[in-house]
Amino acid sequence: MSENSYPQGAKLGVDVGMVRVGLASCDPDGILATPVKTLSRDEKRNSDVRIVVKEAAARGVCQIFVGLPRTLKGEEKASAQMARHYADILVALLQAADMDVPVHLIDERLTTVSAHQALRSAGMDTREHRKVVDQVAAVEILQHAIDMQKARKADVGSRVRAPRTGVVGTAGSSKNEEVSTISTPASVPDETTTAP
C-alpha cells in the first residue's frame, strides 16, 4: 500500500440484477474501469458468483465493489437487500477459495439509468441495451469507487464481513476499518453461465 489508505491494484465492479449481473474491471493503476462480461443470475447454484470469484483470481484483484441500489431518499428496498445477499455469498465463496479480497458495498443510485442514457448517446438501439447495460452499470459503479478513492485518498463503501466460525448471526459491514490487500489465486469449481 502507498501513502493512500486504500488498496492499490486491479479491482472488480459488480452490478447485481434479478436476471443478470454485470462485471467490470480496472487496470492495476486504478485509472479506468472497463466492461468484462454479463452473467446470468443463478440463485440456486450461484454459478455466476463463482465466475466472479474466478475473475478475481485470474486478474489478481485487490478489491471488489458491489453496487448497492438505494432510492433517491437513501432508503433500501428489495433490490438493495438482494445486492447485500449477493455480496454475502461472494465473501463466503472468496473465503472458501482462500482468497483474502475485501468486498465493499458502494452506493449506486441511478447507475442503470445513466448506463441506458450512455448507450442511447452512443447510438445503440434500445432493444440491444439488455445485452450490455449491466456491464456499463458495473463500469460506472467501479469508476465511481476508484475516483472517490483517489479524491479522498481513503477507502470507500462499507466492507462486507464473513460470519466468524462458531458465531450465530449474519455478517455485518463496517465503514471505517483497515482492509487487507492480499490476493491469492485459488481454484474455484468450474461452472460458467453467461447471458446471450
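Within region 62-84, name every residue whose backbone N is under 13 Å away from a label modeled 7 Å from Cα of Asp147 along the Cβ vector. Of the residues in region 62-84, none has backbone N under 13 Å from the label point off Asp147.
Summed over all non-identical Cα pairs, the Kirkwood treatment of region 1-68 gives a radius of 12.5 Å.
With 26 Å as the limit, the listed pairs Lys44/Lys77; Lys44/Lys150; Lys44/Lys73 have Lys44/Lys150; Lys44/Lys73 beyond it between alpha carbons.
Evaluate E = 1/(1 + (r/R0)^6) for Gln8 and Asp100, where r is the Cβ-Cβ distance and R0 equals 22 Å; express this FRET efficiency to the nearest 0.05.
After rounding to 0.05, the efficiency reads 0.90.
Multiplying the residue separation of Met18 and Thr71 by 0.36 nm and removing their Cα-Cα distance gives an extension gain of 17.4 nm.
All of the numbers you see were taken from the coordinates with simple rules; none came from a lab. Treat the numbers as computed from the prediction; the structure is a model and nothing was measured. Using ideal geometry, Cβ is built from the backbone for each residue, glycine included, and neighbour counts are taken over all protein chains shown.
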